[in-house]
Amino acid sequence: MKNIDEVWIVDFGSQYTQLITRRLRELGYYSEIITVEDCLKVIQESRPLALILSGGPQSVFDDKTDYSSFFTDPSLPVLGICYGMQLIGQYFGGTVVKGISGEYGKAHIVKKKHSELKDKYDVWMSHSDHLENPGSELEVIFESKNEYIAAVKHINKPIMALQFHPEVHHTENGDDFFNYFFDSIAKVDKNLEFSSLLEHCRVYLKSFENAKVLCAFSGGVDSLVAAQMAYEIYGESLYCFFVDHGLVRYQDNHHIELLQKNLDFKIEVVEAKDYFFEKLQGVSDPEQKRKIIGKSFIDIFEKKVKEYQESHNIEFTHLLQGTLYPDVIESISPFKGKGKSVTIKSHHNVGGLPERMKLKLIEPLNKLFKDEVRQIGSLLKLKDEWLYRHPFPGPGIGVRVLGELTGDRVRKVKESDQILYEELVSQNLYNKTWQAFTVCIPQKTVGVKGDGRAYEEIIALRLVDSVDGMTANFSQLPYSFFEKVASRITNEVSGITRVVLDITNKPPGTIEWE
Ligand code: XMP
């Protein structure tokens, strides 16, 4: 970032690299991930506050790259983690040996050398090669039970290396090691302030002069914060569009109305229910539904752009997006595309507008994590209840009615979702769950309503606790809450006699049902 000094995390491909960045930012050190190649290119001219060499799946014996430029400036602090430790060990004359059994999982480490760290820690190990002998320049500060070297520091340079992963939560008090590195070894002060992050975003936005900006506005925290910042810079040259594809919840329509009343920039609601419904008719395959919804979003935006060209003589030049740092990190990972990952679900946000529209991207949040975006939103005086809404997927209710969409089933989800939402809010439980929604199962079951037999469809309740949606546990809210919700749904939503609760964790279940 232009106005903030950075700690660079050199990505050797560990699955935990993103976590290191998050941890450091939470501790107050602004850090960014950099690829090995980029770091080797720029390290001679630019000096970061410190370098963190991440873990990685390879072996130092197979890596012939010359990393001496990481160590030529004797005052540049370097912290190696796992693979990074082996590189440091090798560079400073230690002996790294090829792993036979290695160490995986929890390990107990014991202090060897006086420092302000505690005497013992339980840590998370995941390595096969290891540093067997530290050589004459490194001294051992922690050893694991089986006498593997667990941590070393340089005798007179600001360099430290850890064989374990302080960034994962399985390591007890992992932050102690980061704090020790920054305070006692690197002597680097905390430097992350949300006001500077905001200032950086503003400088970035100002660099797009005379832009006519189109914003696909969902009302979620990312597009809200991006649009509010952009409005301060572009004023009336920002045009926000909320596409109502008929697959949004009542709370989303209300939310947009509320934002329209409370915010200075204009949000145009694009009515597109019929268009989406027509395209989705007769389609029951989840992947096909997702693709059709994604493609229809693009069609609607293309139409809007044309309409503004023809009727208002406005030529859009840029597309504003609330892309966050995790999406960017994924796309720069050195192993992207090399693995054999299968598509579980085609996610879509209005990300890929087609080339032919010739819109340049503006992504002011692409160095930030969600919690930082929320903090910036607070600085912009956006309300907490807008910034802490649950996530809602682009395809919306389209993937919450199983199989083919019908107007009646969409209504069942909308009405039941509204009841669930109202109860969460009124019972003060909204912030006790990460995401909560209802799903229509188009299967009739028998019940009794009044004095008669009912043969109607099912609503499932899905409530999960999560940090980032990658893994999740079902939310264990009080039974009395579920009872009230089920009772209201069966009484108030016509066509529903049975309510079930999804108690599957992710994995193996995904959060959405389709
Ligand atoms: P899954 O179902 O994959 O969901 O466990 C993880 C998180 O992602 C959300 N989700 C989406 N978000 N576009 C989005 O913007 C999508 O197509 C999409 N599909 C799932 C889901 O709601 C959960 O928060």
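In table form, for the structure just shown:
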read-out: Most to least accessible of T95, T323, T72 (protein chains only, probe 1.4 Å); value: T72, T95, T323
read-out: Degrees, to the nearest 10: 221-234 long Cα axis against longest axis of the chain; value: 90 degrees
read-out: Radius of gyration, Dmax [segment 194-387; alpha carbons; angstrom]; value: 17.3, 51
read-out: In segment 445-501, trypsin sites (Lys or Arg not before Pro) in a DSSP loop with at most 12 other beta-carbon atoms within 10 Å; value: none
read-out: Probe 1.4 Å, protein heavy atoms only - accessible area per residue of segment 7-186 in square angstrom; value: 41 Å²
read-out: Karplus (6.51, -1.76, 1.60) ³J(HN,Hα), θ = phi - 60°, over segment 165-177, in Hz, Gly and Pro reported as x; value: 10, x, 7, 8, 6, 5, 7, 5, 6, x, 4, 3, 6
read-out: Listed residue (A472, Q15, V493) projecting farthest to the positive dipole end of the chain, Cβ model; value: V493
read-out: Total formal charge among the other residues, if their Cβ is under 13 angstrom from that of I100, Lys/Arg +1 and Asp/Glu -1; value: -2
read-out: Antiparallel bridge percentage (DSSP; both residues within the chain; nearest 5); value: 50 percent
read-out: Accessible area of segment 47-114 belonging to carbon and sulfur atoms, whole % at 1.4 Å probe; value: 54 percent
read-out: Efficiency of FRET between D371 and A454 - r from beta-carbon atoms, R0 51 angstrom, step 0.05; value: 0.65
read-out: Contour minus Cα-Cα distance for E268 and F482 (0.36 nm per residue); value: 73.4 nm
read-out: Filtered GluC sites (Glu not before Pro), segment 42-150: DSSP coil and at most 10 other beta carbons within 10 Å; value: E45, E116, E147
read-out: Once exposed loop chymotrypsin sites (Phe, Trp or Tyr not before Pro) are cut out (DSSP; at most 13 other Cβ, 10 Å), longest piece of the chain; value: 1-334
read-out: Charge context of R47, other residues only, Cβ under 13 angstrom, K/R +1, D/E -1; value: -4
read-out: C-alpha long axis of helix 479-492 to longest principal axis of the chain, angle in °; value: 30 degrees
read-out: CD proxy at 222 nm, helix term only [per DSSP H run n ≥ 4: -39500 (n - 2.57); per residue of the chain; nearest 500]; value: -10000 deg cm²/dmol
read-out: Those GluC sites (Glu not before Pro) in segment 259-312 that DSSP places in a loop and that have at most 14 other beta carbons within 10 Å; value: none
read-out: Placed amide H near L361: partners under 5 Å, 5+ positions off or other chain; value: L319
read-out: Segment D183-L40, length gained on full extension (0.36 nm per residue, minus Cα span); value: 48.9 nm
read-out: Normalised per residue, the volume of the convex hull around the Cα set of the chain (Å³); value: 178 Å³
read-out: Cα-centred dipole magnitude for the chain, charges only on beta-carbon of K, R (+1) and D, E (-1), debye, nearest 20; value: 760 debye
read-out: Cα convex hull of segment 401-502 - mean projected area over all directions, nm²; value: 6.9 nm²
read-out: Efficiency of FRET between D465 and T95 - r from beta-carbon atoms, R0 45 angstrom, step 0.05; value: 0.50
read-out: Accessible area per residue in Å² at 1.4 Å probe, computed on segment 401-502; value: 48 Å²
read-out: Degrees, to the nearest 10: 250-262 long Cα axis against longest axis of the chain; value: 80 degrees
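The values are calculated or read from the model by the stated rules, or taken from the named source; none is laboratory data. Everything numeric in this text was worked out from a predicted model, so none of it was measured. Cβ atoms come from the backbone with ideal geometry, glycine included; neighbour counts cover every protein chain shown. Side chains are part of the model used for accessible areas, which takes the heavy atoms of the whole protein and leaves out ligands, DNA and RNA. Shrake-Rupley method; radii C 1.70, N 1.55, O 1.52, S 1.80 Å.
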